[in-house]
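First up is the structure itself, then whatever we jot down about it.
The values are calculated or read from the model by the stated rules, or taken from the named source; none is laboratory data. These numbers come from a predicted model, not from an experiment. Here the Cβ is made from the backbone with ideal geometry for all residues, glycine too, and neighbour counts use every protein chain on show. All accessible areas refer to the heavy atoms of the entire protein, side chains included, with ligands and DNA or RNA removed. Shrake-Rupley method; radii C 1.70, N 1.55, O 1.52, S 1.80 Å.
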Amino acid sequence: MSTTILKTVFFNAKPETVWSFLTDKDKLGIWYHPAQEDLSDGSDYSLYSTGDDGARNQIVSGRVLEMQAPNKLVTTFVIGPFGGNETTLTWQLSDAAGGTQLTLSHEGIAQALGQDAPDAGVMGLLMALDHGWDKHFDKLRNGIAA
């Protein structure tokens, strides 16, 4: 069963600009979730949400495995449903008609859920993540355009 999410989106901005939105802590907060610090090669990262009570909650964590600015970023990605298990995000940026083509590969989802996870549970999470990435990319387009 294939459990890799592949997304390709286009931005009317140079790869360097899109790259900054993937790695700069303040720009991450515009379209995704705020980070404690800028992403850097080999470092751990955490992304947060703010609750109605104002408390910050870690919702994503991981480690930066590879950075080739402004063309490739590879990180691990851990969220609650994975029970501490890692998945892998690979972000590929390339020039496209004066802008940027960004391709995201999100791998290892079924493995992170475990071999005993029912197919329906895996598919439910795949669909939720797929929808979530679409929403985040819409915010990224708006953030870059601002």
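If you line up the long axis of helix 119-145 against the longest principal axis of the chain, both from Cα atoms, how many degrees apart are they, to the nearest 10?
Value to nearest ten degrees: 20.
Read phi for every residue in the range 15-25 and hand back ³J(HN,Hα) as whole Hz from Karplus 6.51 cos²θ - 1.76 cosθ + 1.60, θ = phi - 60°, with x for Gly and Pro.
Calculated HN-Hα couplings, in order: x, 4, 5, 4, 4, 4, 6, 8, 10, 7, 4 Hz.
Accessible area per residue for the chain in Å², computed with a 1.4 Å probe and the full protein assembly in place, what is it?
53 Å²
Treating the beta-carbon of each Lys and Arg as +1 and of each Asp and Glu as -1, no other charges, what is the dipole magnitude of the chain about its Cα centre, to the nearest 20 debye?
Approximately 320 debye in magnitude.
How large is ³J(HN,Hα), in whole Hz, for each residue of the range 93-108 in order, when computed from phi with the Karplus curve 6.51 cos²θ - 1.76 cosθ + 1.60 and θ = phi - 60°, using x for Gly and Pro?
10, 8, 5, 8, 6, x, x, 10, 9, 10, 10, 10, 10, 10, 10, x
Please report the accessible area of SER20 (heavy atoms, 1.4 Å probe, ligands and nucleic acids excluded) in Å², nearest 10.
Per-residue accessible area (SER20): approximately 30 Å².
Would you mind classifying the range 65-145 by shape? Square roots of the alpha carbon gyration tensor eigenvalues, ordered a ≥ b ≥ c; an a/c under 1.5 is rounded, otherwise it is prolate if a/b is larger than b/c and oblate if not.
prolate
Round to a whole number: what % of the accessible area of the chain belongs to carbon and sulfur, probe 1.4 Å?
Whole-percent figure for carbon plus sulfur exposure: 48.
Amide H to amide H under 5 Å from SER43: which residues, 5+ apart in sequence or cross-chain, H placed 1.01 Å off N in plane?
Here the answer is VAL64, since their amide H atoms fall under 5 Å of that of SER43.
Amide H to amide H, which residues 5 or more places from ASP38 or on other chains are under 5 Å from it, using H placed in the peptide plane?
Amide H neighbours of ASP38: LYS25.
Assuming a viscosity of 1.306 mPa s and a temperature of 10 °C, what translational diffusion coefficient in µm² per second does Stokes-Einstein assign to the chain, Rh being the Kirkwood radius over Cα pairs?
Translational diffusion coefficient: 100 µm²/s.
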